[in-house]
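Here the structure comes first, spelled out in C-alpha coordinates, and everything after it is commentary.
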Amino acid sequence: MLYSSAQNWRDAPRKRVLFFGMSGLGKTHLSQMLRAAGGWFHYSIDYRIGTRYMGEYIADNAKAEAMKVPFLRELLLSDSIYIGSNLSFENLTPVSAYLGKPGNPSLGGLPMTEYRRRQEQFRMAEVHALLDTEYFIDRADRLYGYPHFICDTGGSICEWVDPENPDDPVLRDLAGNTLMIWIRGDEAHSAELVRRFDKAPKPMSYQSEFLERVWSEYLSENNILETDVDPDGFIRWTYARALAHRQPRYEAMARNWGVTVTADEVSGVRDAGDFEDLIAGAIDARIRA
(Lines give C-alpha, C1' and ligand atoms only; values in the text may rest on other atoms or scores of the structure.)
Protein backbone atom coordinates (compact mmCIF):
# COMPACT_ATOMS: atom_id res chain seq x y z
CA MET A 1 0.00 0.00 0.00
CA LEU A 2 1.00 3.62 -0.46
CA TYR A 3 1.01 4.07 3.36
CA SER A 4 2.80 1.35 5.31
CA SER A 5 1.10 2.05 8.65
CA ALA A 6 -1.52 4.19 10.31
CA GLN A 7 1.19 6.49 11.62
CA ASN A 8 2.75 6.75 8.18
CA TRP A 9 -0.66 7.83 6.89
CA ARG A 10 -1.13 10.40 9.66
CA ASP A 11 2.36 11.84 9.12
CA ALA A 12 2.12 12.03 5.31
CA PRO A 13 2.35 15.65 4.12
CA ARG A 14 0.47 14.64 0.97
CA LYS A 15 -2.45 12.27 1.33
CA ARG A 16 -3.70 10.61 -1.84
CA VAL A 17 -6.81 8.44 -1.77
CA LEU A 18 -9.16 6.76 -4.21
CA PHE A 19 -12.75 5.82 -3.31
CA PHE A 20 -14.52 2.90 -4.99
CA GLY A 21 -17.77 1.04 -4.47
CA MET A 22 -21.39 1.15 -5.58
CA SER A 23 -22.85 4.54 -6.44
CA GLY A 24 -24.96 5.91 -3.62
CA LEU A 25 -22.81 4.83 -0.65
CA GLY A 26 -21.00 8.11 -0.03
CA LYS A 27 -18.02 8.39 -2.40
CA THR A 28 -18.96 11.76 -3.86
CA HIS A 29 -20.43 13.09 -0.60
CA LEU A 30 -17.17 12.35 1.21
CA SER A 31 -15.13 13.81 -1.66
CA GLN A 32 -17.12 17.04 -1.66
CA MET A 33 -16.92 17.36 2.13
CA LEU A 34 -13.11 17.07 2.06
CA ARG A 35 -12.88 19.47 -0.88
CA ALA A 36 -14.97 22.02 0.99
CA ALA A 37 -12.74 21.64 4.06
CA GLY A 38 -9.78 22.91 2.02
CA GLY A 39 -6.48 21.37 0.96
CA TRP A 40 -8.07 18.51 -1.00
CA PHE A 41 -8.27 18.34 -4.80
CA HIS A 42 -11.34 16.41 -5.98
CA TYR A 43 -10.79 14.46 -9.21
CA SER A 44 -14.11 13.06 -10.44
CA ILE A 45 -13.73 10.17 -12.87
CA ASP A 46 -17.29 10.58 -14.16
CA TYR A 47 -16.73 14.29 -14.80
CA ARG A 48 -13.48 13.55 -16.65
CA ILE A 49 -15.28 10.95 -18.76
CA GLY A 50 -18.04 13.37 -19.69
CA THR A 51 -15.78 16.30 -20.50
CA ARG A 52 -12.55 14.88 -21.92
CA TYR A 53 -13.48 11.51 -23.38
CA MET A 54 -17.20 11.49 -24.20
CA GLY A 55 -18.03 15.18 -24.56
CA GLU A 56 -18.02 15.03 -28.35
CA TYR A 57 -20.19 11.91 -28.43
CA ILE A 58 -22.70 13.55 -26.10
CA ALA A 59 -22.83 16.81 -28.04
CA ASP A 60 -23.10 15.06 -31.41
CA ASN A 61 -25.95 12.91 -30.13
CA ALA A 62 -27.84 16.02 -29.03
CA LYS A 63 -27.15 17.68 -32.39
CA ALA A 64 -28.45 14.60 -34.22
CA GLU A 65 -31.73 14.90 -32.32
CA ALA A 66 -31.90 18.64 -33.01
CA MET A 67 -31.30 18.05 -36.73
CA LYS A 68 -34.62 16.19 -36.84
CA VAL A 69 -36.40 19.49 -36.09
CA PRO A 70 -36.49 21.68 -39.22
CA PHE A 71 -36.28 24.95 -37.30
CA LEU A 72 -33.23 23.83 -35.29
CA ARG A 73 -31.67 22.17 -38.33
CA GLU A 74 -31.51 25.46 -40.21
CA LEU A 75 -29.97 27.23 -37.24
CA LEU A 76 -27.35 24.51 -36.76
CA LEU A 77 -26.40 24.43 -40.43
CA SER A 78 -25.90 28.19 -40.42
CA ASP A 79 -23.87 28.07 -37.17
CA SER A 80 -26.49 30.28 -35.52
CA ILE A 81 -26.85 28.17 -32.38
CA TYR A 82 -24.53 26.06 -30.28
CA ILE A 83 -25.45 22.77 -28.60
CA GLY A 84 -23.37 21.37 -25.74
CA SER A 85 -23.85 19.58 -22.43
CA ASN A 86 -23.95 21.47 -19.14
CA LEU A 87 -21.95 18.86 -17.25
CA SER A 88 -20.87 19.49 -13.66
CA PHE A 89 -19.79 17.53 -10.58
CA GLU A 90 -23.39 17.75 -9.38
CA ASN A 91 -25.00 17.03 -12.77
CA LEU A 92 -23.66 14.07 -14.71
CA THR A 93 -26.97 13.41 -16.47
CA PRO A 94 -25.56 14.05 -19.97
CA VAL A 95 -23.30 10.99 -19.63
CA SER A 96 -26.04 8.63 -18.47
CA ALA A 97 -28.47 10.04 -21.04
CA TYR A 98 -26.00 9.25 -23.80
CA LEU A 99 -25.45 5.71 -22.51
CA GLY A 100 -29.18 5.14 -22.75
CA LYS A 101 -31.15 1.95 -22.22
CA PRO A 102 -31.73 -0.94 -24.63
CA GLY A 103 -35.15 -1.85 -25.90
CA ASN A 104 -38.24 -0.58 -27.69
CA PRO A 105 -37.41 2.67 -29.55
CA SER A 106 -40.95 3.97 -29.03
CA LEU A 107 -40.27 3.83 -25.28
CA GLY A 108 -36.92 5.60 -25.62
CA GLY A 109 -34.83 2.45 -26.01
CA LEU A 110 -31.75 1.92 -28.15
CA PRO A 111 -31.14 -1.00 -30.53
CA MET A 112 -28.81 -3.44 -28.78
CA THR A 113 -26.12 -2.96 -31.43
CA GLU A 114 -26.00 0.78 -30.73
CA TYR A 115 -26.27 0.20 -26.99
CA ARG A 116 -23.23 -2.12 -27.07
CA ARG A 117 -21.28 0.47 -29.08
CA ARG A 118 -21.93 3.15 -26.46
CA GLN A 119 -21.08 0.76 -23.64
CA GLU A 120 -17.70 0.10 -25.26
CA GLN A 121 -17.12 3.84 -25.70
CA PHE A 122 -17.77 4.30 -21.99
CA ARG A 123 -15.45 1.43 -21.03
CA MET A 124 -12.58 2.94 -22.97
CA ALA A 125 -13.33 6.41 -21.60
CA GLU A 126 -13.35 5.20 -18.00
CA VAL A 127 -10.09 3.30 -18.36
CA HIS A 128 -8.41 6.38 -19.84
CA ALA A 129 -9.85 8.61 -17.11
CA LEU A 130 -8.57 6.26 -14.40
CA LEU A 131 -5.11 6.23 -15.95
CA ASP A 132 -5.16 10.05 -15.91
CA THR A 133 -5.11 9.98 -12.09
CA GLU A 134 -1.34 10.32 -11.80
CA TYR A 135 -1.38 13.33 -14.13
CA PHE A 136 -4.04 15.04 -12.02
CA ILE A 137 -2.16 14.32 -8.80
CA ASP A 138 0.81 16.19 -10.24
CA ARG A 139 -1.40 18.92 -11.71
CA ALA A 140 -3.26 19.51 -8.45
CA ASP A 141 0.00 20.01 -6.56
CA ARG A 142 2.12 21.76 -9.20
CA LEU A 143 -0.53 24.07 -10.64
CA TYR A 144 -2.91 24.70 -7.74
CA GLY A 145 -0.87 23.87 -4.66
CA TYR A 146 -3.24 21.26 -3.22
CA PRO A 147 -1.33 18.92 -0.88
CA HIS A 148 -4.06 16.25 -0.71
CA PHE A 149 -5.87 14.41 -3.49
CA ILE A 150 -9.11 12.43 -3.88
CA CYS A 151 -9.95 10.24 -6.87
CA ASP A 152 -13.73 9.76 -6.85
CA THR A 153 -14.48 6.78 -9.11
CA GLY A 154 -17.69 5.53 -10.66
CA GLY A 155 -19.41 2.34 -9.63
CA SER A 156 -18.26 0.55 -12.77
CA ILE A 157 -14.50 0.64 -12.04
CA CYS A 158 -14.62 -3.03 -11.04
CA GLU A 159 -15.98 -4.03 -14.45
CA TRP A 160 -12.79 -3.20 -16.36
CA VAL A 161 -10.07 -4.60 -14.08
CA ASP A 162 -8.91 -8.02 -12.89
CA PRO A 163 -8.40 -7.64 -9.13
CA GLU A 164 -6.79 -11.07 -8.84
CA ASN A 165 -4.08 -10.20 -11.37
CA PRO A 166 -1.07 -8.56 -9.68
CA ASP A 167 -0.08 -7.14 -13.08
CA ASP A 168 -3.43 -5.54 -13.89
CA PRO A 169 -2.27 -2.29 -15.54
CA VAL A 170 -5.05 -0.07 -14.21
CA LEU A 171 -4.92 -1.31 -10.62
CA ARG A 172 -1.11 -1.24 -10.53
CA ASP A 173 -1.15 2.37 -11.66
CA LEU A 174 -3.88 3.43 -9.22
CA ALA A 175 -2.44 1.57 -6.21
CA GLY A 176 1.00 3.01 -6.95
CA ASN A 177 -0.35 6.54 -6.71
CA THR A 178 -3.23 6.38 -4.22
CA LEU A 179 -4.55 4.49 -1.22
CA MET A 180 -7.52 2.60 -2.65
CA ILE A 181 -10.51 2.64 -0.27
CA TRP A 182 -13.58 0.46 -0.68
CA ILE A 183 -16.78 1.90 0.80
CA ARG A 184 -18.62 -1.32 1.58
CA GLY A 185 -22.38 -1.51 2.00
CA ASP A 186 -24.35 -4.22 3.79
CA GLU A 187 -27.60 -5.96 2.83
CA ALA A 188 -29.68 -3.08 4.17
CA HIS A 189 -27.74 -0.61 2.02
CA SER A 190 -28.20 -2.84 -1.03
CA ALA A 191 -31.94 -3.03 -0.41
CA GLU A 192 -32.12 0.75 -0.13
CA LEU A 193 -30.12 1.19 -3.34
CA VAL A 194 -32.50 -1.19 -5.15
CA ARG A 195 -35.51 0.73 -3.78
CA ARG A 196 -34.07 4.06 -4.95
CA PHE A 197 -33.17 2.67 -8.35
CA ASP A 198 -36.61 1.16 -8.82
CA LYS A 199 -38.10 4.58 -8.16
CA ALA A 200 -35.79 6.38 -10.61
CA PRO A 201 -33.92 3.94 -12.90
CA LYS A 202 -30.93 5.45 -14.68
CA PRO A 203 -28.56 4.08 -17.32
CA MET A 204 -25.54 2.08 -16.16
CA SER A 205 -22.45 0.56 -17.73
CA TYR A 206 -21.87 -3.18 -17.61
CA GLN A 207 -19.06 -5.60 -18.31
CA SER A 208 -19.80 -7.01 -21.78
CA GLU A 209 -19.99 -10.65 -20.63
CA PHE A 210 -22.41 -9.72 -17.85
CA LEU A 211 -24.54 -7.66 -20.23
CA GLU A 212 -24.82 -10.48 -22.76
CA ARG A 213 -25.84 -12.94 -20.05
CA VAL A 214 -28.54 -10.82 -18.43
CA TRP A 215 -29.90 -9.64 -21.80
CA SER A 216 -30.32 -13.23 -22.99
CA GLU A 217 -31.90 -14.23 -19.68
CA TYR A 218 -34.33 -11.31 -19.77
CA LEU A 219 -35.48 -12.05 -23.34
CA SER A 220 -35.84 -15.75 -22.54
CA GLU A 221 -37.68 -15.35 -19.22
CA ASN A 222 -40.16 -12.90 -20.72
CA ASN A 223 -40.41 -14.66 -24.10
CA ILE A 224 -39.99 -11.40 -25.99
CA LEU A 225 -37.95 -9.91 -28.81
CA GLU A 226 -35.45 -7.07 -28.48
CA THR A 227 -37.95 -4.58 -29.89
CA ASP A 228 -40.52 -5.57 -27.25
CA VAL A 229 -38.27 -4.77 -24.27
CA ASP A 230 -39.38 -2.00 -21.92
CA PRO A 231 -36.05 -0.18 -21.37
CA ASP A 232 -36.82 0.79 -17.77
CA GLY A 233 -38.13 -2.70 -17.07
CA PHE A 234 -34.88 -4.26 -18.22
CA ILE A 235 -32.53 -2.03 -16.22
CA ARG A 236 -34.72 -2.37 -13.10
CA TRP A 237 -34.56 -6.16 -13.45
CA THR A 238 -30.81 -5.99 -14.02
CA TYR A 239 -29.88 -3.67 -11.16
CA ALA A 240 -29.93 -6.15 -8.24
CA ARG A 241 -28.04 -8.63 -10.41
CA ALA A 242 -25.44 -5.96 -11.16
CA LEU A 243 -25.01 -5.32 -7.42
CA ALA A 244 -24.44 -9.03 -6.80
CA HIS A 245 -22.05 -9.23 -9.75
CA ARG A 246 -19.96 -6.28 -8.55
CA GLN A 247 -19.76 -7.07 -4.84
CA PRO A 248 -17.13 -9.85 -5.02
CA ARG A 249 -15.11 -7.81 -7.50
CA TYR A 250 -15.01 -4.85 -5.10
CA GLU A 251 -14.10 -7.21 -2.28
CA ALA A 252 -11.17 -8.62 -4.27
CA MET A 253 -10.00 -5.10 -5.14
CA ALA A 254 -9.95 -4.18 -1.45
CA ARG A 255 -8.31 -7.45 -0.38
CA ASN A 256 -5.53 -7.26 -2.95
CA TRP A 257 -5.09 -3.55 -3.52
CA GLY A 258 -6.42 -1.42 -0.67
CA VAL A 259 -8.43 -1.05 2.52
CA THR A 260 -12.10 -1.21 3.51
CA VAL A 261 -14.42 1.14 5.36
CA THR A 262 -18.17 0.74 5.75
CA ALA A 263 -20.88 3.03 4.44
CA ASP A 264 -22.09 3.50 8.02
CA GLU A 265 -18.61 4.61 9.10
CA VAL A 266 -18.47 7.06 6.19
CA SER A 267 -21.85 8.52 7.13
CA GLY A 268 -20.40 9.39 10.54
CA VAL A 269 -17.47 11.40 9.13
CA ARG A 270 -17.98 15.08 9.88
CA ASP A 271 -14.62 16.63 9.00
CA ALA A 272 -11.12 15.95 7.71
CA GLY A 273 -9.98 14.88 11.19
CA ASP A 274 -12.68 12.21 11.35
CA PHE A 275 -11.65 11.03 7.91
CA GLU A 276 -7.98 10.77 8.88
CA ASP A 277 -8.94 8.70 11.94
CA LEU A 278 -11.21 6.43 9.89
CA ILE A 279 -8.52 5.64 7.33
CA ALA A 280 -5.87 5.13 10.04
CA GLY A 281 -8.15 2.51 11.57
CA ALA A 282 -8.71 0.85 8.18
CA ILE A 283 -4.95 0.64 7.58
CA ASP A 284 -4.43 -0.88 11.05
CA ALA A 285 -7.17 -3.43 10.35
CA ARG A 286 -5.56 -4.34 7.03
CA ILE A 287 -2.15 -4.84 8.65
CA ARG A 288 -3.63 -7.01 11.43
CA ALA A 289 -5.60 -9.19 9.00
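Table for the structure above
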{"quantity": "Axial C-alpha extent at least 15 Å, average Kyte-Doolittle at least -0.5 - helices from the chain (DSSP)", "calculated": "27-37, 272-288"}
{"quantity": "MRE, 222 nm, helices only [DSSP H, n ≥ 4, -39500 (n - 2.57), over the chain, to nearest 500]", "calculated": "-17500 deg cm²/dmol"}
{"quantity": "The chain, accessible area per residue, ligands and nucleic acids excluded (1.4 Å, Å²)", "calculated": "49 Å²"}
{"quantity": "Kirkwood Rh, angstrom, the chain [1 / mean 1/r, Cα pairs]", "calculated": "20.4 Å"}
{"quantity": "Ordering of 151-158, 94-101 by burial proxy (mean other Cβ atoms within 10 Å per residue, highest first)", "calculated": "151-158, 94-101"}
{"quantity": "Kirkwood-based shape ratio for the range 171-266, expressed as Rg/Rh from alpha carbons", "calculated": "1.05"}
{"quantity": "Neighbour-limited loop hits for chymotrypsin sites (Phe, Trp or Tyr not before Pro), the range 108-153 (at most 16 other Cβ within 10 Å; DSSP other than H, G, I, E, B)", "calculated": "Tyr144"}
{"quantity": "Gaussian network model of the chain, Cα within-10 Å springs - most flexible of Ser216, Ser190, Ser85", "calculated": "Ser216"}
{"quantity": "Filter on Lys68/Lys101; Lys15/Lys199; Lys27/Lys101; Lys63/Lys101; Lys27/Lys202; Lys63/Lys199 - keep pairs with C-alpha separation over 28 Å", "calculated": "Lys15/Lys199; Lys63/Lys199"}
{"quantity": "Shape of the range 229-289, Cα gyration tensor, a/c cut at 1.5", "calculated": "oblate"}
{"quantity": "Of Met33, Met67, Met204, the one that fluctuates the most in a GNM where the chain has Cα springs shorter than 10 Å", "calculated": "Met67"}
{"quantity": "Net charge of Cβ neighbours under 14 Å - reference Glu120; Lys, Arg +1; Asp, Glu -1", "calculated": "-1"}
{"quantity": "Relative packing of peptides 75-83, 41-49 - highest average C-beta neighbours within 10 Å first", "calculated": "41-49, 75-83"}
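The values are calculated or read from the model by the stated rules, or taken from the named source; none is laboratory data. This is a predicted model, so every value here is computed, not measured. Here the Cβ is made from the backbone with ideal geometry for all residues, glycine too, and neighbour counts use every protein chain on show. All accessible areas refer to the heavy atoms of the entire protein, side chains included, with ligands and DNA or RNA removed. Shrake-Rupley method; radii C 1.70, N 1.55, O 1.52, S 1.80 Å.
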